[in-house]
1. Using modelled backbone amide H atoms (1.01 Å from N, in-plane), which distant-in-sequence or interchain residues come within less than 5 Å of PHE227's amide H?
2. Tell me the angle of helix 298-309 to the major Cα principal axis of the chain, expressed in degrees between 0 and 90 and rounded to the nearest ten.
3. Given the options HIS162, HIS48, HIS85, which has the most mean-square fluctuation in a GNM of the chain, springs set between C-alpha atoms less than 10 angstrom apart?
4. If you project the alpha carbons of the stretch 224-310 onto their three principal axes, what span does each projection cover, largest first, in Å?
5. Please work out whether the stretch 176-235 counts as rounded, prolate or oblate from its C-alpha gyration tensor, where a ≥ b ≥ c are the square roots of the eigenvalues and a/c under 1.5 means rounded, while otherwise a/b larger than b/c means prolate and anything else oblate?
6. Separation of the stretch 166-225 and the stretch 103-145 by C-alpha centroid, Å?
7. With no solvent and one equal point scatterer placed on each C-alpha of the stretch 112-215, evaluate the Debye formula and give log10 I(q)/I(0) for q = 0.21 Å⁻¹, two decimals.
8. With angles folded into 0 to 90 degrees, how steeply does helix 229-240 sit against the dominant principal axis of the chain? Use alpha carbons for both and round to 10.
Amino acid sequence: MDDRGIAQARQILSGLELFRRAGNPDLEVTWLGGLTNLVFRVDQGNQHYVLRVPGKGTEEYINRTHEARAAREAARVRVSPAVLHVDPATGVMVTRLVDNAVAMSAETFREVPGAPGRAGAVLRKLHESDAVFTFRFELFAMIDDYLKVLASKDAELPVGYHDVVREAGTVRAALRAHALPQAACHCDPLCENLLDTGERMWLVDWEYSGMNDPLWDLGDLSIEGGFSETQDEEMLRAYFGGEARPTDRGRMVIYKAMCDLLWTLWGLIQHGNRNPVDDFWAYALRRFERCKQLMAAPEFRRHVRSVLAG
């Protein structure tokens, strides 16, 4: 992050009531990263905050009003840090920094004892809460919406993408046969969107959140973190308080593939927007190939049958 990014953050902060003395030389602004947005740590004396500045083009597929509601609801049920400022018009958000917390990664999920279990516990806390989000996360409707965005950019799709979507019709039928009650879900639990204090985890970044099948969050986290069977088992046991039923385990596995099917399109949108953070064409192809491999595996069909059986 160059000085222009820090200067932009300082300019935004200076316009917020929370930081009306942002010209104070004691105010420290540090870039934390971000895949599509700019995220900064802000230190003002003994007060510590996180500033999120939306990235270019995110308004095409993110509803900031839905996100603001979800972030406040998640904070209310204590699975996410307090929201101190949010402007749905601009997407600028300021939250309280979680003290002594580490942003997770696939590596730390493998190395830190108890991490998959703590992740399962915070997802269970969210799903069992009385939080209500205004957006309804509908997988196949979102695929259609993302395809429309890509069509407007005259973007190229991986060869065979529409064929796989048609093949996923059997998955769609199985999931609908025994639909679970909708719950407030994160819907994008990248490892980095979980913060670990060693005692518990917190969830951050509510851009894609909505009312959804709760098993989506478990499948998404598992595929994002590259979880092993042992890690999956630890997460599932913490989430269910014991052995998961075959139908629940099947839903989680199904959603691993469906996450890749959806986020393939997300990667293509980033590619179309010329997001410089990563090679998003390669990212999309990797996800699409993994989706096809998961769906072609014999055990995948077994899991679909388990879900159909209920």
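1. So PHE227 has HN proximity to no qualifying residue.
2. 90
3. Maximum fluctuation in the GNM of the chain, among the listed residues, is at HIS162.
4. Rounded to whole Å, the extents work out to 45, 25, 17 Å.
5. Values: a/c = 2.00, a/b = 1.27, b/c = 1.58.
Since a/c reaches 1.5 but b/c is at least a/b, the shape of the stretch 176-235 is classed as oblate.
6. Using only Cα atoms to place each centre, the spacing works out to 5 Å.
7. Normalising to I(0) and taking log10 leaves -1.14.
8. 80
The values are calculated or read from the model by the stated rules, or taken from the named source; none is laboratory data. Since the model is a prediction, treat every value here as computed from it, not as a measurement. Using ideal geometry, Cβ is built from the backbone for each residue, glycine included, and neighbour counts are taken over all protein chains shown. Quick note on the areas: whole protein, heavy atoms, side chains included, nothing else; ligands and nucleic acids left out. Shrake-Rupley method; radii C 1.70, N 1.55, O 1.52, S 1.80 Å.
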